[in-house]
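Below: the structure, in structure tokens.
Read the figures in this text as sums done on the coordinates, not as results from a lab. These numbers were taken from a predicted model, which means no experiment stands behind them. Glycine gets a Cβ as well: all are built from the backbone with ideal geometry, and neighbour counts include every protein chain shown.
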Amino acid sequence: MTPKVALVTGATQGLGLALVEGLAQRLTPADTVYLTGRDLDRVTTAAEGVPGGGAEVRAALLDVADPTAAARFADQLRKRHGGVDIVFGNAVMRVGPDDDPPAFIDQYVEVNNLGTTRMLRAFAPLLRDNARLIVVASSLGTLRYLASVLHSRFDDLPSLDDVDREVSAWRDAVRNGTVRASAWPGFVNIPSKIGQVAAVRTLARSRRDADLARGILLASVCPGMMNTPTSGVWWDVANAPTPAQAAVALLDLALDPVKPEHYGELLLDGAVLPWKP
């Protein structure tokens, strides 16, 4: 049996680190899990702290905000392993309630949205039979949270380039302030997450039949509310699951047999969240 290769972006803390630890525990010593992030010292320290006894955990630099980093890293994996079996796109730029959207929106979109589409373009061609490519998103990533006049901007887009174009147009409206006089929601997390889910849906439409025939799952997933310092500045998370607890459903999705009805969808605890209201 060919050793498995797994990759988690944004993996130095929180859910990303929990996913690496869970994969390392569930896979075998012959397998490899890449713990990636944009700061080499942090990824190295995080990888050194993962308990041993399971898969080999390798620290690797991967900044999804770099326009060429995902493609370069995918090429390294192709040359080193020939393909990949599990990819979790978890990189995210976190912001607080007091942060000013026009000031951070460029970097926010660069990481959360353009970083997602770069990851999809780079790693989808490397997926081996029975592989999983999963983007960590949010239950906010559905059209029910967007004014109906804006639905066509994200629904049934022809290509990832079109997704990038629509997200960039929204970004520009946030930056120049015109978003305040439009139907866009004020909470930037909503259009961003919808853009992530739209990207997965767009790529999935072009690959569905071939992927399902090979046992491949492409999906987005909501991990639910978690008890983390970042979430704590927005909401009361005292009774929310820890990242390790939230990671269980995602790990099951990555390692259990594929359910065809999950393909291309946004999932929460194994159930499909409807894209349209």
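Just the C-alpha atoms of the stretch 5-273: what Rg/Rh do they give, with Rh taken as the Kirkwood radius?
The Rg/Rh ratio comes out at 0.95.
Would you order Met119, Met93, Met1 from fewest to most other beta-carbon atoms within 10 Å of each residue's own beta-carbon?
Ordered from fewest to most neighbouring Cβ atoms within 10 Å, Met119, Met93, Met1 come out as Met1, Met93, Met119.
Enumerate the calculated ³J(HN,Hα) couplings along the stretch 176-185 in order (Karplus 6.51 cos²θ - 1.76 cosθ + 1.60, θ = phi - 60°), each rounded to whole Hz, writing x wherever the residue is Gly or Pro.
Going residue by residue, I get 8, x, 5, 4, 5, 9, 10, 7, 5, x Hz, with x marking Gly and Pro.
For the stretch 138-231, rounded, prolate or oblate, judged on the Cα gyration tensor with a ≥ b ≥ c (square roots of eigenvalues), a/c < 1.5 rounded, else prolate if a/b > b/c?
oblate
Relative to the compact globular guide of 2.2 N^0.38 Å, what is the alpha carbon radius of gyration of the stretch 27-86, as a ratio?
1.16
Between Phe187 and Thr28, 0.36 nm times their residue separation minus their Cα-Cα distance comes to what?
Difference between extended and current length: 53.1 nm.
Let me check I've understood the local charge: for Ala122, count other residues with C-beta under 11 angstrom from its C-beta, Lys and Arg +1, Asp and Glu -1. What total comes out?
+3
Report, in deg cm²/dmol and to the nearest 500, the calculated mean residue ellipticity at 222 nm for the chain, where each DSSP H run with n ≥ 4 adds -39500 (n - 2.57) and the sum is divided by the residue count.
-13000 deg cm²/dmol
If you restrict to DSSP beta bridges whose two residues both lie in the chain, what percentage is antiparallel, to the nearest 5?
If we restrict to bridges inside the chain, about 10 percent are antiparallel.
Can you sort Asp162, Asp98, Asp41 so the residue with the fewest Cβ neighbours within 10 Å comes first?
Asp98, Asp41, Asp162
If you bin every alpha carbon distance in the stretch 25-128 into 5 Å steps from zero, what whole percent lands in each bin?
For the stretch 25-128, the binned pair fractions read 2, 12, 19, 21, 19, 14, 7, 4, 2, 0 percent.
For Leu266, enumerate residues with amide H under 5 Å from its amide H, sequence gap 5+ or separate chain, H modeled in the peptide plane.
Under 5 Å from the amide H of Leu266 lie the amide H atoms of Ser220, Leu273, each far enough along the sequence or on another chain.
To make sure I understand, if each residue's beta carbon is the centre and we count other beta carbons within 10 Å, what order do Lys4, Lys79, Lys259 fall in, fewest to most?
Going from sparsest to densest Cβ surroundings: Lys79, Lys259, Lys4.
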